[in-house]
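> This is the structure I have questions about; it appears just below.
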Amino acid sequence: MNGRSLFRLAAVAGVVCGAATALAGVLETIAGQKFPVTEVLNGGAVPFGIAFAAGLYLAQYERMGRFGGWAFAVHFLSFGYFAGIAFTMNFVLVHLDSAVVGHLLDGPARWAFLATAALTLLGTWLFSAALWRARVVPPFAVGCYAAGLTALSLTFLLPAPIVRVGHVFVGAGMIWLATWLRAAAGRAADRLPQYS
């Protein structure tokens, strides 16, 4: 796979993740609660976001510098843990009795969830700051991405309506950034390091 194809694939992943996340937020707002379709959208979308973040970083890694590299590493790691939490919340915990969930969250799972939330929050802010500093992508799209992921990382602490708005914000930000990545695919691929 060449560089252009890699960036296009990352852009498609961003649109898939962004559209699924935003749609889940809208549907949950209308319904007033989670239901099977939104559980599938939320639980299945996050891994696409990991691929998207990698492509977004590679498209501008030179402009992002050392800080951007470290910020991406934290964001990438946190996205992986966040994918596991999203999967667990949407495909497992919603089908358990609330007493069982409460018992689970009284044990080590609570600390794993809280640590993931803190790492996701840190990764989101660092990566968004690095994107902002590089001044390559649309800044308002970065703002939507950062605000939305901040709300999602604080799911356990925020009221459901705010989290649903966060879904829409991060979805819109991802789609916007993915559109930029798709348009920049050719130029970005030319700047990738070449190995023989």
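The values are calculated or read from the model by the stated rules, or taken from the named source; none is laboratory data. Given the structure is predicted, the values throughout are model-derived calculations rather than measurements. Cβ: placed from backbone, ideal geometry, glycine included. Neighbour counts: every protein chain shown. For accessibility, only protein heavy atoms count, side chains too; no ligands or nucleic acids. Shrake-Rupley method; radii C 1.70, N 1.55, O 1.52, S 1.80 Å.
> List the residues of the range 152-180 whose backbone N lies under 15 Å from a point placed 7 Å from the Cα of Ile30 along the Cα-to-Cβ direction.
Answer for the range 152-180: 168.
> While we're looking at this one, here's another question. Give, rounded to the nearest 20 debye, the magnitude of the charge dipole that the chain has about its Cα centre when Lys and Arg contribute +1 at Cβ and Asp and Glu contribute -1 at Cβ.
Once rounded to the nearest 20, the dipole reads 740 debye.
> If you wrap a convex hull around the C-alpha atoms of the range 1-71 and split its volume per residue, what is the figure in Å³?
Residue-normalised Cα hull volume stands at 100 Å³.
> Note the direction-averaged projected area, equal to a quarter of the hull surface, for the Cα convex hull of the chain, in nm².
So the Cα hull casts an average projection of 11.2 nm².
> Here is a further query. I want to check the label-to-label distance for Leu121 and Arg66. Put each point 7 Å from Cα in the C-beta direction and report it in nm to one decimal.
2.8 nm
> For the pair Arg135 and Thr88, how long in nm is the line joining their label points, each one 7 Å along Cα→Cβ?
Rounded to a tenth, the inter-label distance reads 4.2 nm.
> Sticking with this structure for a sec: Could you work out [θ]222 nm for the chain from helices alone, using -39500 (n - 2.57) per DSSP H run of at least four and dividing by all its residues? Round to the nearest 500 deg cm²/dmol.
-29500 deg cm²/dmol
> Just the number, please: carbon plus sulfur as a percent of the accessible area of the range 53-155, 1.4 Å probe, no ligands or DNA/RNA counted. Please list the in-between numbers first.
Working: 3700 of 5190 Å².
Using a 1.4 Å probe with all protein chains present, the range 53-155 comes out at 71 percent carbon and sulfur.
> Between the helical axis of 139-153 and the dominant principal axis of the chain, each derived from Cα atoms, what acute angle in degrees is found, rounded to the nearest 10?
30 degrees
> Mind pulling the angle between the C-alpha long axis of helix 3-31 and the longest principal axis of the chain? Nearest 10 degrees, somewhere in 0 to 90.
30 degrees
> Still on this structure, I have one more. Which whole-number percent is the relative contact order of the chain (Cα, under 8 Å, 6+ apart)?
Result for the chain is 36 percent.
> Got a sec? What order do Met89, Met64 fall in by accessible area at 1.4 Å, biggest, i.e. largest, first?
Descending order: Met89, Met64.
> What is the sum of charges around Leu126, taking Lys and Arg as +1, Asp and Glu as -1, for the other residues whose C-beta is under 13 Å from the C-beta of Leu126?
+2
> For the range 66-145, what's the relative contact order in percent, using C-alpha pairs closer than 8 Å and at least 6 residues apart?
Value for the range 66-145: 50 percent.
> Please give the contour-minus-distance gain from Leu96 to Ile162: 0.36 nm per residue of separation, less the Cα-Cα distance, rounded to one decimal in nm. Could you put the intermediate results ahead of the total?
Details: separation 66, 0.36 × 66 = 23.76 nm, distance 2.41 nm.
Roughly 21.4 nm would be gained on extension.
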